[in-house]
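The block underneath contains the structure these notes are about, expressed in structure tokens.
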Amino acid sequence: EPEVTQTPSHQVTQMGQEVILRCVPISNHLYFYWYRQILGQKVEFLVSFYNNEISEKSEIFDDQFSVERPDGSNFTLKIRSTKLEDSAMYFCASSDPLDRPNTEAFFGQGTRLTVV
Amino acid sequence: RKEVEQDPGPFNVPEGATVAFNCTYSNSASQSFFWYRQDCRKEPKLLMSVYSSGNEDGRFTAQLNKASQYVSLLIRDSQPSDSATYLCVVNKPPGQNFVFGPGTRLSVLP
């Protein structure tokens, strides 16, 4: 069964450092997403990406964040200068809307980011 | 009003019980509805989509009431393996963004 894969599974970084979280969405999907979940809190939308550009972003997704699809398979989230409050589980997801309702998103296993 | 609200939980039930989860959403233009389950420190996994006519998958039944902006999930004959957090997820028009509810945690005791 196709799946979304994320690397690394756990990343520890020092405050102020840049991190890149990597994702390989399901190959025939068109929409890609990043969500995050701070421990004990709900899953929050960060950004969606379609046709090689950002289609939507939340207030959380400020200038410190960027996304890129550097090739035909990878989808990355970069945090330029990490803060303690960026510590969270980051989930990548993809979906294949095909302009029909109830197109679900499939999630990767997540990258646990710990900023120290 | 929050975009997606769920019963606060947690629900602690004995094995074999029937459990109902409720969810309300604020955006009347939403068209896609899902229930995901999330095990501790794992990714959300799709449990089932929710169709306007209601749908059933084994022990799980989902209902949608668009007039009331209400989504429900019923689990019959609950099993310890059903223990997880259940997330109500709704699309946010006009784009393809999904909004998650805070989740309701379920513990089924053997």
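The values are calculated or read from the model by the stated rules, or taken from the named source; none is laboratory data. Model, not experiment: these values are computed from the prediction. Cβ coordinates were reconstructed from backbone atoms using ideal geometry, including for glycine residues, and neighbour counts include every protein chain displayed. Ligands, DNA and RNA are excluded from the accessible area calculation, which covers all protein heavy atoms including side chains. Shrake-Rupley method; radii C 1.70, N 1.55, O 1.52, S 1.80 Å.
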Practice prompt. Would you work out the charge dipole size for the protein assembly as shown about its Cα centre, treating the Cβ of every Lys and Arg as +1 and the Cβ of every Asp and Glu as -1, and quote it to the nearest 20 debye?
Written response: 300 debye
Item to complete: Over 22 Å between C-alpha atoms is what I'm after, so list which of A:57/B:2; A:78/B:45; A:57/B:66 land there.
Response: A:78/B:45; A:57/B:66
Worksheet item: Which whole number gives the average, over all residues in B:28-37, of C-beta atoms from other chains lying within 10 Å of the residue C-beta?
Response: 2
Practice prompt. Using a 10 Å cut-off on Cβ to Cβ distances, tally the other chain neighbours for every residue of A:105-114 and report the average as a whole number.
Written response: 3
Response to the item:
Expressed as a whole number, the average count of other chain Cβ atoms within 10 Å around the Cβ atoms of B:82-91 is 1
Fill in: Largest to smallest principal axis extent of the C-alpha atoms in the protein assembly as shown, angstrom
49, 39, 38
Worksheet, complete the sentence: Eigenvalues of the alpha-carbon gyration tensor of chain A, times 5 and square-rooted, give semi-axes in Å, largest first, of 23, 14, 14
Fill in: Buried area at the A-B interface (accessible, heavy atoms, 1.4 Å probe, summed, Å²)
1900 Å²
Worksheet item: From the backbone phi of the range B:80-86, what are the Karplus-calculated ³J(HN,Hα) couplings (6.51 cos²θ - 1.76 cosθ + 1.60, θ = phi - 60°) in whole Hz, Gly and Pro given as x?
Response: x, 5, 7, 4, 4, 9, 9
Worksheet item: Where the accessible area of chain B is counted over protein heavy atoms with a 1.4 Å probe, how much of it, in %, is carbon and sulfur?
Response: 49 percent
Worksheet item: So what is the accessible area of the protein assembly as shown per residue, in Å², with the probe set to 1.4 Å?
Response: 49 Å²
Worksheet, complete the sentence: Taking placed amide H atoms and a strict 5 Å upper bound, the residues 5 or more places from residue A:5 or on another chain that come that close are A:24
Response to the item:
In debye to the nearest 20, the charge dipole size for the range A:1-92, taken about the Cα centre with +1 at each Lys and Arg Cβ and -1 at each Asp and Glu Cβ, equals 140 debye
Practice prompt. Collect residues whose amide H, placed 1.01 Å from N in the peptide plane, falls under 5 Å from the amide H of residue A:60; neighbours closer than 5 in sequence don't count.
Written response: none
Discussion item. Expected output is a single nm value to one decimal: the length gained when fully extending between residue A:78 and residue A:96, i.e. 0.36 nm times separation in residues minus the C-alpha distance. What is it?
Written reply: 4.1 nm
Worksheet entry | the range B:11-93: radius of gyration and largest Cα-Cα distance (Dmax), Å | 12.8, 39
Worksheet item: Can you list the HN-Hα couplings for the range A:73-80, worked out from phi with the Karplus curve (6.51, -1.76, 1.60; θ = phi - 60°), rounded to whole Hz and with x for Gly and Pro?
Response: 10, 8, 9, 10, 10, 10, 10, 6
Worksheet item: Residue-wise, which Karplus ³J(HN,Hα) couplings in Hz belong to the range B:14-25, taking 6.51 cos²θ - 1.76 cosθ + 1.60, θ = phi - 60°, and x for glycine or proline?
Response: x, 3, x, 6, 9, 10, 10, 10, 10, 8, 10, 10
